[in-house]
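The values are calculated or read from the model by the stated rules, or taken from the named source; none is laboratory data. The shown structure was predicted, so the numbers you read here are calculated from the model rather than taken from an experiment. Positions of Cβ are backbone-derived with ideal geometry, glycine not excepted, and every protein chain shown enters the neighbour counts. Quick note on the areas: whole protein, heavy atoms, side chains included, nothing else; ligands and nucleic acids left out. Shrake-Rupley method; radii C 1.70, N 1.55, O 1.52, S 1.80 Å.
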Amino acid sequence: MPSLKDLKLRISSVKSTQKITAAMKMVAASKLRRAQEQAEAGRPYAERMARILASLTANVQAESVSSPLLAGTGKDAVHLLLIVTSDRGLCGGFNGTVVREARRQIDRLQREGKTVKLLVVGRKGRDQMRRTHAALIIDSFEEVGRRRLSFADATAIADRVLALFGDQAFDVAALVYNKFKSAISQIITVQQIIPFAMTAPADAPAEGAEARAIYEFEPDEEQLLADLLPKNLAVQIYRALLESAASEQGARMTAMDNATRNAGDMIQHLTLRYNRTRQSVITNELIEIISGAEAL
Amino acid sequence: MTDKVEFELVSPEKLLFAQPVDLVVIPGGEGDFGVLPGHAPFIATVRPGVVAVYRDGAITDRLFVAGGFAEVNETGVTVLAENAMPVSEIDGAKVEEEIRALQEDLADAKDDKESAEVQVRLTVAQAKQEAVNSAAATSH
């Protein structure tokens, strides 16, 4: 039976924890808004990039594509997974889901006899992957977009990926990240980036077909594609980082909201116990006094 | 058919410019080209340089782009630039310093790959300097 003083101390400690989680929730909410705005601002570029790429690929015959970024290396032996996690914890299952999905992918690929290599973004993911798959990690990036995510961060990662690809360190590359759906739900996404899988929008073919046919190119399509594809890789990575950043704040907001509510429940529970204990202490004292008086 | 072209300048981080204009002159990879209303659909690379926007017969905006792509379609022209800013916001002294630092880097470069990377950045910086100088020349 804890004493009254112990209970009082616990209540005040839970109360201050609740204050912290409530504050963290507010911070996450405002960061989430900023991350969402940034994701919104980045959309026009990505859309237009996809449109140009679509018109280009439609004009280039598949067999004549020389760029391995689009056509692949012709092999499928070594896979690179780019895992996007966060640097900070206290964001619920955010990092856990990415790591779990990454492990599942690794297991699947290894069962198929493929070699897997990992690039990890974010300290949390790096630590968790290191525990089970330390030998597979080529490199990790930390403090990505700590202040504000910039396109330069994505370019740095893309350059690393391209350099590895240039050295023929892998044949297929995929991103594993949390896609932002809403503040309370993130969708874990595995997206292949090399060779680049054209995901044609469903409504594009009809109006796109005639629009594409009349484009002129300068320099020729091949040259443009060779310039465009590395840029596109950076854009894809940038989008993944943005999605992941927004998801992280969303997940943290939800986690902190839950924590605040749990702390509230706990305070209620402890207060009840405190009052009961206080009551029984008073009753005991009264009984002692009365029985003392009766004995006289 | 309107007598304006919709000109959009987008960087990965934001939409920088989206207005109807009379004429846009873009520094294409194989030479400058101007886009007037009704231009044929066209996709081209863009080299580092200045995009000039004309309205009512005069240049109203001069925007520096560090290379990218341009797409012309029925509705207008879109320039995708990795790095873009109005020429008036470029700090001439800073650019000069950058060029000097890059030239030193170029001399120190250990292998071809490294010097090629520095060369790319130097080209961008030099184009920036040129943009500043030409802006100064026209305003006087």
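Odds and ends about this structure:
- Nonpolar atom fraction for the protein assembly as shown, defined as the carbon and sulfur part of the 1.4 Å probe accessible area, stands at 52 percent.
- Peptide A:44-56 shows a mean partner chain C-beta count of 5 within 10 Å per residue C-beta.
- Computed helical MRE - 222 nm, chain A, DSSP H runs ≥ 4 contributing -39500 (n - 2.57), nearest 500: -23000 deg cm²/dmol
- Nearest-ten-degree value, helix A:4-59 long axis tilted from longest Cα axis of chain A: 10 degrees
- Gain upon complete extension [residue A:138, residue A:90; 0.36 nm per residue less C-alpha separation]: 14.6 nm
- With a Förster radius of 45 Å applied to the beta-carbon distance between residue B:115 and residue A:179, the computed FRET efficiency rounds to 0.70.
- Rounded FRET efficiency, nearest 0.05, which uses the C-beta distance separating residue A:266 from residue A:73 and R0 of 56 Å: 0.50
- Between helix B:92-108 and chain B: long-axis angle, C-alpha atoms, 0 to 90°, nearest 10: 50 degrees
- Rounded, prolate or oblate (a/c below 1.5 giving rounded, otherwise prolate when a/b exceeds b/c) for the stretch A:31-255 by Cα gyration tensor: oblate
- Contact surface A-B: accessible area buried, both sides summed, square angstrom, 1.4 angstrom probe: 2400 Å²
- Tensor-based shape of the stretch B:5-87 (alpha-carbon gyration tensor, a/c under 1.5 rounded, otherwise prolate or oblate): rounded
- Distance between the modelled labels on residue B:89 and residue A:114, one decimal in nanometres: 4.2 nm (7 Å Cα→Cβ projection).
- Length gained on full extension, residue A:43 to residue A:156: 38.7 nm, using 0.36 nm per residue less the C-alpha separation.
- Amide H within-cut-off set for residue A:92, under 5 Å, with H built and near neighbours excluded: none
- Between the helical axis of A:123-133 and the longest alpha-carbon principal axis of chain A there is an angle of about 80 degrees.
- For residue A:116, the residues whose amide H sits under 5 Å from its own are A:79, ignoring neighbours fewer than 5 places away on the same chain, with H placed 1.01 Å from N.
- Here residue B:100 and residue A:5 are evaluated by their C-beta separation; at R0 = 51 Å the FRET efficiency comes out at 0.15.
- Relative contact order computed over chain A (Cα-Cα under 8 Å; 6+ residues apart), in percent: 31 percent
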